[in-house]
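Notes for the one structure printed next.
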Amino acid sequence: MSKSFLIDTTRCTACRGCQVACKQWHDLPAEKTINRGTYENPADLSFNTYKLVRMREEVINRKLNWLFFPEQCRHCIEATCLETAGDPEAIYRDDKTGAIIFANTKRLNADEITEIIESCPYNIPRKGPDGTLAKCDMCIDRVVNGLVPACVATCPTGAMNFGDRNEILALAGKQLAVAKKKYPKAMLIDADDVSVIYLVAYEPKLYCDDAMASNAVFDITRQMALKQMIRPLTNIASRLL
């Protein structure tokens, strides 16, 4: 059965344990940063940063609120990056977990890489110096061996949850009901469309520019759809030349 996350932002304290655990497990280097007047650090996701705790100060009902959002790939049920690539050796869905895996994006040319980045409704894929792409891989090497993702294992407050999708959806419903007692506008973000479900207390746009899908129906553009249709012919022609 496919897996899912529930990230309950009402329980997140922005300790960034998840962010550090992700770096450690994937053996990713730290990034040189500067003081930008915020605790959010580094400034953005990157080829070497798969998870980033977004931090926002918002005045809501005349009260200052800290809003925290541990951003990562959503592992979409219908993943536009996968469909745009059109090459299962480059990007594929793991059947057991539902994880969207960037396996060998060296196979893709520069235009295809750009299309994939632009197709993501959450602005997640990041390009490295070598032109390849990287993002969260659901710690698939841990999950297939019976472990939870590193970010979930390290979370001290229960904000990060992981398990079979039906169990996570049930848990999300229960925690949403609890959250609504204190936060009437609490909601689950795109729960039917993603494997990483966020529970937020306020409007998603207050947490992160791309908290909610920029394209709710998860359609790729007509231009990308046309390119997908003709890509097999283009590939054949390039081999013949």
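Consider Asp137 carefully, then state whether it is modelled with pLDDT of 95 or more, within 13 Å of the chain's Cα centre (by Cα), acidic (Asp, Glu) and over 16 Å from Ile7 (Cβ atoms). Even if it seems obvious, please write down each step before you answer.
Working: modelled with pLDDT of 95 or more: yes; within 13 Å of the chain's Cα centre (by Cα): yes; acidic (Asp, Glu): yes; over 16 Å from Ile7 (Cβ atoms): yes.
Yes.
Would you check which residues across region 53-67 are loosely packed, with under 10 Cβ neighbours inside 10 Å and β-branched (Val, Ile, Thr) and list them? Quick ask: steps written out before the conclusion?
Pass one, region 53-67, residues loosely packed, with under 10 Cβ neighbours inside 10 Å: 59, 61-64.
The answer is Val59, and nothing else.
Residue-wise test of (1) surrounded by fewer than 16 Cβ atoms within 10 Å (Cβ to Cβ); (2) of a type in the set (S, T, N, Q); (3) touching a residue at least 24 places away in the same chain (Cβ under 8 Å).
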residue	(1), (2), (3)
Pro129	yes, no, yes
Leu133	no, no, yes
Cys136	no, no, yes
Cys139	no, no, yes
Arg142	no, no, yes
Thr157	yes, yes, yes
Ala170	yes, no, no
Lys181	yes, no, no
Met187	no, no, no
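Evaluate region 52-69: report whether one residue or more is under 19 Å from the mean Cα position of the chain (by Cα) and among the β-branched types (Val, Ile, Thr).
Looking for residues that are under 19 Å from the mean Cα position of the chain (by Cα) and among the β-branched types (Val, Ile, Thr), one finds at least one in region 52-69, hence yes.
Return the pairs, sorted by first residue and then second, in which the second residue is crowded, with 22+ Cβ neighbours inside 10 Å and among the acidic types (Asp, Glu), the first residue lies in region 43-58 and is modelled with pLDDT of 95 or more, the beta carbons are less than 6 Å apart, and the residues are 6+ apart or on different chains.
Cβ pairs passing all conditions: Leu52/Glu71; Arg54/Glu71.
Cβ contacts < 8 Å: first residue more than 29 Å from Thr49 (Cα to Cα), restricted to region 59-71; second residue hydrophobic (A, V, I, L, M, F, W, C), any location; separation 6+ or different chain. Result?
Final answer for the pair search is Ile60/Leu206.
Which is touching a Phe, Trp or Tyr at 6+ places or on another chain (Cβ under 8 Å) and either at pLDDT below 95 or part of a helix (DSSP H, G or I) (or both), of Thr10, Thr38?
Answer to the check: Thr10.
Can you tell me which residue among Thr105, Thr49, Thr38 is in contact with a strand residue (DSSP E or B) (Cβ under 9 Å, 6 or more places away or on another chain), closer than 21 Å to Pro149 by Cα and of a type in the set (Val, Ile, Thr)?
Thr49
Which of the numbered conditions does Tyr50 fail, given that it passes all the others? Conditions: (1) under 17 Å from Asp193 (Cα atoms); (2) surrounded by 22 or more Cβ atoms within 10 Å (Cβ to Cβ).
Failed condition: (1).
If I filter region 87-103 for residues that are assigned to a helix (DSSP H, G or I) and buried (at least 18 other Cβ atoms within 10 Å of the Cβ), do I get at least one hit?
No: region 87-103 contains no residue that is assigned to a helix (DSSP H, G or I) and buried (at least 18 other Cβ atoms within 10 Å of the Cβ).
Give the residue, chosen from Arg56, Arg74, Arg93, that is in contact with a Leu (Cβ under 8 Å, 6 or more places away or on another chain) and within 28 Å of Arg165 (Cα to Cα).
After applying the criteria, what remains is Arg93.
How do the helices (runs of 4 or more DSSP H) wholly within region 123-186 filter down when requiring 1 or more residues that are in contact with an Asp or Glu (Cβ under 8 Å, 6 or more places away or on another chain) and not small (Gly, Ala, Ser): which remain? First the steps, then the outcome.
Details: elements: 140-143, 150-154, 165-182.
Because the criterion is at least 1 residues that are in contact with an Asp or Glu (Cβ under 8 Å, 6 or more places away or on another chain) and not small (Gly, Ala, Ser), the helices (runs of 4 or more DSSP H) in region 123-186 that meet it are 140-143, 165-182.
Which residue is nearest to the chain's Cα centre (by Cα), if the candidates are limited to region 13-25 and must be surrounded by fewer than 17 Cβ atoms within 10 Å (Cβ to Cβ) and in a helix (DSSP H, G or I)?
The qualifying residue nearest to the chain's Cα centre (by Cα) is Val20.
The values are calculated or read from the model by the stated rules, or taken from the named source; none is laboratory data. These numbers were taken from a predicted model, which means no experiment stands behind them. Cβ sites come from the backbone with ideal geometry, for glycine too, and all protein chains shown count toward neighbours.
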